[in-house]
1. What is the number of the single condition among (1) at pLDDT 85 or above; (2) small (G, A, S); (3) assigned to a loop (DSSP other than H, G, I, E, B) that A129 does not meet?
2. Name the residues in the range 29-61 that are touching a Lys or Arg at 6+ places or on another chain (Cβ under 7 Å) and exposed (fewer than 14 other Cβ atoms within 10 Å of the Cβ), would you?
3. Looking at the range 107-124, I want the residues that are at pLDDT 75 or above and have a partner that is outside any loop (DSSP other than H, G, I, E, B) with Cβ atoms under 8 Å, at least 6 apart or on another chain. Which pairs are those?
4. Looking at the range 1-73, what helices (runs of 4 or more DSSP H) fall wholly within it and have at least 1 residues that are farther than 15 Å from T83 by Cβ and within 14 Å of the chain's Cα centre (by Cα)?
5. Kindly provide the set of residues from the range 74-84 that are surrounded by fewer than 16 Cβ atoms within 10 Å (Cβ to Cβ) and within 13 Å of the chain's Cα centre (by Cα), ordered by number.
Amino acid sequence: MENTIQIDNAIEQVVLDIKEEMESRVNRIKYMKLRTFLSLLGYRKRKREILDIVDEYLNQHGIMVYTYGEELGDWFDISHNETITFRFVGEQTLSQGSKSSFAHAGIIEVSTGNNPVSLYIHQIEAIKALDESIVGTEKA
């Protein structure tokens, strides 16, 4: 009985640490490999009863787990080397191609005029080849 209480407390502490880190980030997302997450819990292999407890604590704290942009169905569906994403429930994710703004983002100003940097011959050839492939695909 005491052992299960210690396991519960350890799991809850890991979930609280992840939640705290997510809250401190601008995008409120935390990425990590499944292997890393399991090692934080003190395990090398997945155990159904432990992951059920993890799911309970994640749900309690309003955290969802995603892989490849989709909600994780089962912990056993992914490999240990897969990246898992922790997000708060109900927060919007950026779709591909959408723009986001951050308060600390820099500004890039494009200026006209001479560029003091000169390209190497292979760079010039690569740019020409890229231009030709882009122009060639647009004509098709």
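The values are calculated or read from the model by the stated rules, or taken from the named source; none is laboratory data. Remember, it's a predicted structure, so these values are computed and weren't measured experimentally. FYI the Cβ positions are ideal-geometry reconstructions off the backbone, even for glycines, and counts take in every protein chain you see.
1. Here A129 clears every test but (3).
2. Once the filter is applied, which keeps residues that are touching a Lys or Arg at 6+ places or on another chain (Cβ under 7 Å) and exposed (fewer than 14 other Cβ atoms within 10 Å of the Cβ), the range 29-61 yields nothing.
3. L119/I127
4. Counting at least 1 such residues, we get 2-24.
5. Once the filter is applied, which keeps residues that are surrounded by fewer than 16 Cβ atoms within 10 Å (Cβ to Cβ) and within 13 Å of the chain's Cα centre (by Cα), the range 74-84 yields E82, T83.
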